[in-house]
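Some notes on the structure that comes next.
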Amino acid sequence: MDLSVVHTADMHDCLDRPRAEALGLLRQQAGALLLDSGDAVGAGNVYVRLREPVLGRMNEAGYHAMAVGNREFFFRRSGMIRKTRGAQFPVLSANVRARRGDLGHIQRWITLPFEGQTVGVFGLTPTMIRPGSLWERFADVRHIHWRDAAREAAVSLRAEVDWLVALSHRGLDDDLSLAELCPEIDLILGGHSHDRLTRAVGERPTLISHPGYDARSAVVVTAARDARGGNRFETRVVEMT
């Protein structure tokens, strides 16, 4: 029972059409999920653009899901929805909530049927509004602590899925803490700190992947289970430039 994933992060609107086509081909050749850990769009943290062309190229490449990074975040619910409304795939953040109602198409987590298996995926976003700050007075979204959000997602999903994946835009240090906090997570696909590495941690173990930035590279992960339920991983970095 194997799972293949192509992982990108921190593309910063640098995904042009040739790279999108290459990612789509890589996804098809690897028989893989194509997942992104956030900061794909061009807008900064405090403004919204009318269009985000990168989302159209991600649609063409066949992405299955992405996390809300700091670039996709906005302090108003309507802005968050507008920033990512061009995505024809799930957009995820487990630790951002609307003060009233929901966040439209932005979900906490999803389950994906894939190659006869079920994959649970949740997103984690950087904490952009500090409790008690001036911005909090004007915001109609709020952060819950990322550790609480991660535990809730892991507990809710683990029994239902064959593989549990976190799309984290919190940086390498928090990803290492997440692996310790939730060892039942199989893959932590990270971003935000602009690292380029893969590291297996813990007894099962959990794989942490960081693929670099500006659409320069992607990581291809193949995960398998041994007879005792432990994880085995093969990884390779694919240069996109």
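What follows is calculated from the coordinates using simple rules that are stated; it is not laboratory data. Because the structure is predicted, anything quoted here is derived from the model rather than measured. Backbone-built Cβ (ideal geometry, glycine too); neighbour counts: all protein chains shown.
Based on every Cα atom in segment 105-241, Rg and the maximum pairwise Cα distance Dmax equal 15.9, 53 Å. Neighbours of residue 84 by Cβ distance under 11 Å: Lys/Arg scored +1, Asp/Glu scored -1, total +2.
Normalised by the number of residues in segment 29-162, what is the relative contact order in percent for Cα pairs under 8 Å and 6+ residues apart? Contact order relative to length: 23 percent. Counting only DSSP H runs of at least 4 residues, each contributing -39500 (n - 2.57), and dividing by the residue count of the chain, the helix-based mean residue ellipticity at 222 nm comes to -7000 deg cm²/dmol.
With R₀ fixed at 41 Å, the C-beta to C-beta distance from residue 224 to residue 194 puts the FRET efficiency at about 0.90. A simple charge model with +1 on the Cβ of Lys and Arg, -1 on the Cβ of Asp and Glu and nothing else charged puts the dipole of the chain at about 880 debye relative to its Cα centre.
Entry note, segment 3-239: relative contact order of 20 percent, from Cα contacts under 8 Å with a spacing of 6+ residues. Separation of segment 195-241 and segment 1-30 by C-alpha centroid, Å? Between the Cα centres of segment 195-241 and segment 1-30 lies a distance of 14 Å. Extent along the principal axes, Cα only, for the chain: 53, 39, 30 Å, with the longest axis given first.
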